[in-house]
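J.: Sending over a structure as structure tokens; questions will come in a sec.
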Amino acid sequence: MSAIATQLSPAAALPKWLAPLLLIAFAYVVIPLIGNSYLFEAILLPFLALSLAGVGLNILTGYAGQVSLGSAAFMAAGAFAAYNFSLRIEGLPLVASIILSGLVAAAIGIVFGLPSLRLKGFYLAVSTLAAQFFVQWALTKFSWFSNDSASGVIDAPKLSIAGFEFDGAVGRYLFALTVVVVLTFLAHRLVTSQTGRNFIAIRDNDTAARIIGIPVLKTKLLAFAISSFIIGVAGVIWAFAYLRTVEPAGFDLDRSFQILFIIIIGGLASIRGAFLGASLIVVFPLVLSRLGGFLLGDLFDSGVLDMSQRIVLGALIILFLILEPDGLVALWDRVRRRLSLAWQSS
Amino acid sequence: MPISNHAFGAIEASVYAPEVFAQGLPAAQRQAHGDRPRQPAAEDAAPLLALEGIGLSFGGVVALADVDLSVRPGEIRAIIGPNGAGKSSLINVISGVYRADRGHVRLYGARYAQVPTQRLARLGVARTFQNLALFKGLSVLDNVTSGLAYRTRSNFAGQILGIGRTRREQQEQRGRADQVLEFLHLTDVRDRLAGTLPYGLQKRAELARALVAEPRLLLLDEPMAGMTAGEKSEMAAYVRAARDRFATTVVLIEHDVGVVMGLSDRIAVLDYGRKIADGTPEEVRNDQRVIDAYLGVASGNEEGADI
């Protein structure tokens, strides 16, 4: 015990909130100064949207232990709800429309979370697939959702809060960053609260949780609601800030799996894990395409790229599940401990 | 704490003796109990828990057949029996995990066909499990605090924003959990993840989680299973100390006849789902049917050993 305590002492000397705060300051001040539009458009915006979706899914799957394959459906619900709110309610502020669309996603999450009251594990995962297929079907079938647009693809409205327009790549980046920072902070508060501990209790042993008086059914549905709210808002960022279009095809089953992979690779039941996992998922295809183009030249076309992405990603997930089931977060913590130990002994 | 100072003749005197309440909790903590009955235990005291004609079968296999059991306030009541005798089924019926096919459970006089598991904690019943049922991903302190989750009044929004009663509630619950951890000598491991503790300490942490709610009735499903002799007597001392300090009634299932003889006030013996004996340790020890069915090999073994 004492050995462990001394190992951690340099890290413990710094307040816990310092590192995240420095990171946020860096993201707000330094990155807008040094970044180019490629960095914002191709890397940071999808990274922020997927990170937030990962945070949302992690609350449901990592903390509360309910596996879901319907994340993209909740993203779609959020995106389309925000589109329709801003289209049909004149003068609705953007913030209100985001909150309302989160609530719509939460309501859909509760409905598709109902099977969790009877189903567990794989069976629950399969039943959340229903959400995925149903939402995508409904959005394609009823053209009212996309305002009867012929192609089904619609332009997202401009982002503006109180007359201030978030124009251009940097503006949209700052907008997305703010939403992600606020929701991540609230998510962090949630998972360290009694409700968050109830989530973990239900995940680890739901019979014991029921016996000691944790309202299991209510807590499960709450996990679905909160998780879907966050994922719904992530969908708004994805559509409004990143793609600037809203279309059902972008929220298919592949997207659901992608978010699930993010939290598995990043680390289940960890807020940081969602960000680490998302950065890997976003950056990795870009690195692969650069590397492939450099090594193989013209042979490495988009077909080969797509295939090799899937193969390498699949292999990576298998490796993680075997070697580091706790994900990048555990890896990160271990490296940091080694470094601080080395720093101490030198 | 000596283990076997319970002279068998002096059981009635030891149960709910005045000093139990003197050692009990300070008045502020007792508030939560409401109007807990404080009648002195006597032979004819109303039972805290009574099982009446309980029958339970799984498919064609009879787990329990016509079992009656009464538990008086403040006693330590053991249920013993060979493997597969139906002991765990009985605890599961009492805690509402199983619904009995026949008969009913009487808890503080109220009659239940199936005890409502969701309200168990509110009814003042806590239990531990035969196979560890700690929340592995939570610290020991958080595990114990979760034993008070049923009392939480604040909602998740208040907890996120830290407004309203949240802070005070959390501090109060942590304070109680810390007291129980200290009582069971677990303070050194309070911040460790429950899953990383050695087996014996996990068992004790589970006892702490059950005790933090200060239950009127504590159900212990093999609290000493898989422990060394030293750990067993330590655990027995904790069980008795918990009974004395929290003035709780204990129903416990155990394999180790030796530990049970020294610890309990009355013992019921199950065999093939039927109750074959019920009485003081002395009576049970001398019961011919018990000796035949269960103690046969150990009848000459006064020290008590695993059977």
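No lab work stands behind these numbers, since they all come straight from the coordinates. Keep in mind the model is a prediction, meaning the values are calculated, not measured. Every residue, glycine as well, gets a Cβ built from its backbone with ideal geometry; the counts of neighbours run over all protein chains shown.
J.: Extension gain A:ALA42-A:SER151, at 0.36 nm per residue separation less the Cα-Cα distance, in nm?
T.: 36.8 nm
J.: With respect to the cross-link table entries A:LYS141/A:LYS220; A:LYS120/A:LYS220; B:LYS136/B:LYS203; B:LYS203/B:LYS275; A:LYS16/B:LYS136; A:LYS120/B:LYS87, which display a Cα-Cα separation exceeding 21 Å?
T.: A:LYS141/A:LYS220; B:LYS203/B:LYS275; A:LYS16/B:LYS136; A:LYS120/B:LYS87
J.: I need the shape label for chain A. Rule: rounded when a/c is under 1.5, else prolate if a/b > b/c, else oblate, with a, b, c from the alpha carbon gyration tensor.
T.: Judged from the Cα gyration tensor, chain A comes out rounded (a/c under 1.5).
J.: OK, next. Work out how much length A:VAL29 to A:ASP326 would gain on full extension: take 0.36 nm times their residue separation and subtract the Cα-Cα distance, in nm to one decimal.
T.: Between A:VAL29 and A:ASP326, full extension yields 103.7 nm more.
J.: Order the peptides A:190-202, B:239-251, A:332-344 from the highest to the lowest mean number of other Cβ atoms within 10 Å of their residues.
T.: Ranking the peptides A:190-202, B:239-251, A:332-344 by packing returns A:190-202, B:239-251, A:332-344.
J.: Under a 5 Å amide H to amide H cut-off, with H placed in plane at 1.01 Å, what residues pair with B:GLY226 once short-range neighbours are removed?
T.: Placed amide hydrogens put nothing under 5 Å from B:GLY226.
J.: Taking θ = phi - 60°, what integer Hz values does the Karplus form 6.51 cos²θ - 1.76 cosθ + 1.60 yield along the stretch A:114-131, in sequence order, with x for Gly and Pro?
T.: Here the 3J(HN,Hα) series is 4, x, 5, 5, 10, 10, 9, x, 4, 5, 5, 4, 5, 6, 6, 4, 4, 4 Hz.
J.: Continuing with the same structure: For the stretch B:70-77, in order, what is each residue's ³J(HN,Hα) by Karplus, 6.51 cos²θ - 1.76 cosθ + 1.60 with θ = phi - 60°, in whole Hz (x at glycine and Pro)?
T.: For the stretch B:70-77, the Karplus curve yields 10, 10, 8, x, x, 8, 9, 10 Hz.
J.: What residue among A:SER143, A:SER37, A:PHE229 has its Cα farthest toward the positive end of the dipole of the stretch A:17-252, where the charges are +1 on Lys, Arg and -1 on Asp, Glu, each on the Cβ?
T.: Result: A:PHE229, furthest along the dipole toward the positive end.
J.: Which one, A:GLY292, A:VAL104, A:LEU119, is farthest towards the positive end of the dipole of chain A when Lys and Arg carry +1 and Asp and Glu -1 on their Cβ?
T.: A:LEU119
J.: When the chain is fully extended, how far beyond the present Cα-Cα distance does A:LEU296 get from A:GLU90, taking 0.36 nm per residue of separation?
T.: My answer for the length gained is 68.8 nm.
J.: So how far, in whole Å, is the C-alpha centre of the stretch B:231-292 from the one of the stretch A:107-156?
T.: If you average the Cα positions of each part, the centres end up 56 Å apart.
J.: Further, regarding this structure: Tell me, how many Å apart are the Cα centres for the stretch A:241-316 and for the stretch A:197-228?
T.: Taking the Cα centre of the stretch A:197-228 as reference, the centre of the stretch A:241-316 is 32 Å away.
J.: In a GNM of chain A with a 10 Å cut-off on Cα contacts, which of A:LEU52, A:LEU221, A:LEU22 has the highest mean-square fluctuation?
T.: A:LEU22
J.: Same structure again: Per DSSP H run of at least 4 residues, take -39500 (n - 2.57); add these up for the protein assembly as shown, divide by its residues and hand me the 222 nm value, nearest 500 deg cm²/dmol.
T.: So the calculated ellipticity at 222 nm is -16500 deg cm²/dmol.
J.: I've got another one for you. Treating only the Cβ of Lys, Arg, Asp and Glu as charged (+1, +1, -1, -1), what charge dipole size does the protein assembly as shown show about its Cα centre? Round to the nearest 20 debye.
T.: Charge dipole, the protein assembly as shown, about its Cα centre: 1340 debye, nearest 20.
J.: Identify which of A:PHE261, A:PHE185, A:PHE80 has the largest mean-square fluctuation in a Gaussian network model of chain A, with springs joining Cα atoms closer than 10 Å.
T.: In this elastic network of chain A, the residue with the biggest mean-square fluctuation among A:PHE261, A:PHE185, A:PHE80 is A:PHE185.
J.: A follow-up question, please. Using the Cα centre as the reference, give the magnitude of the dipole from point charges on the C-beta atoms of the stretch A:17-252 (Lys, Arg: +1; Asp, Glu: -1; all else neutral), rounded to the nearest 20 debye.
T.: 820
J.: Taking amide hydrogens as modeled 1.01 Å from N in the peptide plane, which residues meet the under 5 Å criterion relative to B:ARG127, leaving out close sequence neighbours?
T.: B:LEU219
J.: In addition: Residues in the stretch B:107-127, backbone N under 15 Å from the label point at B:GLU52 (7 Å along the Cα-to-beta-carbon vector): list them, ranges by number please.
T.: B:107-115
J.: What is the spin-label model distance, in nm, from A:LEU103 to A:LEU341 if the labels are put 7 Å beyond Cα along the C-beta direction?
T.: Here the modelled spin labels are 5.2 nm apart.
J.: I need the peptides A:118-124, A:263-269, B:269-275 ranked by packing, meaning the mean over residues of other C-beta atoms within 10 angstrom, with the highest value on top.
T.: Going by the mean number of other Cβ atoms within 10 Å, highest first, we get A:263-269, B:269-275, A:118-124.
J.: Under unit Cβ charges (Lys, Arg +1; Asp, Glu -1), what dipole magnitude, rounded to 20 debye, does the stretch A:197-346 have relative to its Cα centre?
T.: Rounded to the nearest 20 debye, it is 720 debye.
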